[in-house]
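Encoded as structure tokens, the structure appears first; notes follow it.
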Amino acid sequence: MKLEKSKLASGKTVQISGSKSISNRLLILESLFKNIQIGNLSNSQDTQLLKKALSENTETVDIHHAGTAMRFLTSYYSISEGKTTILTGSKRMKERPIKNLVNALKDLGVDIEYLENEGFPPLKITGRKITQKQVNVPANISSQFITSLLLIAGKLENGLEIHLVGEVTSRSYIEMTLDILTRFGIRNSFEGNTIKVEPFDSNSESSTVHYEVESDWSSASYFYSICALGRETIHLKSFYKESTQGDSAIAKIYEEFFGIKTIFTEDEHKITLQPVPDFIFPEKIVLDMNNCPDIAQTLCVTAAALKIPFDISGLGTLRVKETDRLQALYNELKKLGTETDITDLTIKSVSFGEPEEHISIGTYQDHRMAMSFAPYCLIKELNIEEEDVVEKSYPMFWKDLNDIMVRG
């Protein structure tokens, strides 16, 4: 997709779909406990694939690129007593490790086999009743592995006690899951490195709970970047001041480093992104994004566009996402004239030069690569390859982007 150099129109409003992270958690709980009504469900491809998988009664389930669905369904099918399921996905999905989750489920007594390569999908899962209560899990793995276990925990006869070994990664996503469980009457605690979830009281199952999904803060991050570069006001709906989404950290980060103030209008569930006049940009951005790694790409592109040196840490999970996001950033930031150094956990800028004359951004089948680089059209014309990848999390992105831009 060719994006012409543009200006940001002032005062435009964007309605972003419900959070993919919250929606996917709710779909699993809805299927397990039946006492949930969901409003503002995400329209992302990932969420629709998960919804489809849960509604079908087939032996083979193909979730394509949907990593969240792969992880959540691995635990979900593990407690489907008497049912055998083959869980598979795309070529890239078969390269994404799932061994830590499978090991935890095996320790709980689940029967799971690898059908191709050890430690990777596809999986053959034979569901059974789980009575084992305690399990040890590495704390520095994807929070989705831990959430996958937490979502089935209330359905287990004896509940579940997870002992996290080491330093916890993406703690905010775990806390989001526990907050949702609490909303539906599933008692839990998170003290130190131990999470306890009690069995769900089936007597309360008749009481239906309605959950209106907050809009997606990860998707909002691209508009913070647009606002930082375009220096005009943007309104976003429907967002809450007391959000459980870890990526709501974008508000504080962009106010501190880019002078974008977030104003909450709580009765309308609306936020206004307002540039601070005459903001003095920092000499360098030093930030640990361990709790919000999904917005690291957005921040790096914003900093590169403004030529602000950055040193970002806490990014260990980015190597095993839809693509190796650190390597992808290293490759594509070069096209903007930004040289970086990367490790398994960090990315930092080395120098800023002139962008390529004709910029074409590779997306590596990663939705966040496409959307995080798109705001650069406020600096220079560019092309985004494989633009359809945004359907994974934000199908309306290109329309919404076009609606707030003034071309030429």
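List of remarks:
- Only listed residue being open to solvent by less than 40 Å² (accessible area, probe 1.4 Å) and out of contact with any helix residue (DSSP H, G or I) (no Cβ under 8 Å at 6 or more places or on another chain), chosen from 215, 170, 243, 219: 215
- Residue satisfying condition, being part of a loop (DSSP other than H, G, I, E, B), crowded, with 18+ Cβ neighbours inside 10 Å and at pLDDT 90 or above, within set 112, 28, 130, 125: 130
Residue by residue, here is whether (1) at negative phi; (2) open to solvent by 20 Å² or more (accessible area, probe 1.4 Å); (3) under 24 Å from the mean Cα position of the chain (by Cα) holds:
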{"residue": "271", "(1), (2), (3)": "yes, no, yes"}
{"residue": "278", "(1), (2), (3)": "no, yes, no"}
{"residue": "295", "(1), (2), (3)": "yes, no, yes"}
{"residue": "311", "(1), (2), (3)": "yes, yes, yes"}
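- Total residues in the stretch 138-167, condition surrounded by fewer than 20 Cβ atoms within 10 Å (Cβ to Cβ) and free of Cβ contacts under 8 Å to residues at least 60 places away in the same chain: 10
- The stretch 12-63, residues that are touching a residue at least 40 places away in the same chain (Cβ under 8 Å) and among the basic types (Lys, Arg): 12, 20, 25, 34
- Top-ranked residue of the stretch 249-269 - restricted to ones that are β-branched (Val, Ile, Thr) and not in a strand (DSSP E or B), ranked as nearest to the chain's Cα centre (by Cα): 250
- Within the set 357, 386, the sole residue that is on the phi > 0 side of the Ramachandran plot and acidic (Asp, Glu) turns out to be 386.
- Qualifying residues in the stretch 61-87 (those that are out of contact with any Leu (no Cβ under 8 Å at 6 or more places or on another chain) and open to solvent by 30 Å² or more (accessible area, probe 1.4 Å)) - the one modelled with the lowest pLDDT: 65
- Qualifying position, being within 15 Å of the chain's Cα centre (by Cα), of a type in the set (Gly, Ala, Ser) and in a helix (DSSP H, G or I), among 75, 23: 23
- Matching residues in the stretch 393-408 - criterion: being among the β-branched types (Val, Ile, Thr) and at pLDDT below 95: 406
- Which numbered condition residue 350 misses (of (1) of a type outside the set (Asp, Glu); (2) more than 24 Å from residue 258 (Cβ to Cβ); (3) surrounded by fewer than 18 Cβ atoms within 10 Å (Cβ to Cβ)): (2)
The values are calculated or read from the model by the stated rules, or taken from the named source; none is laboratory data. Computed from a prediction, not measured in an experiment: that's the story for all the values here. Backbone-built Cβ (ideal geometry, glycine too); neighbour counts: all protein chains shown. Note: areas computed on protein heavy atoms with side chains; ligands, DNA, RNA excluded. Shrake-Rupley method; radii C 1.70, N 1.55, O 1.52, S 1.80 Å.
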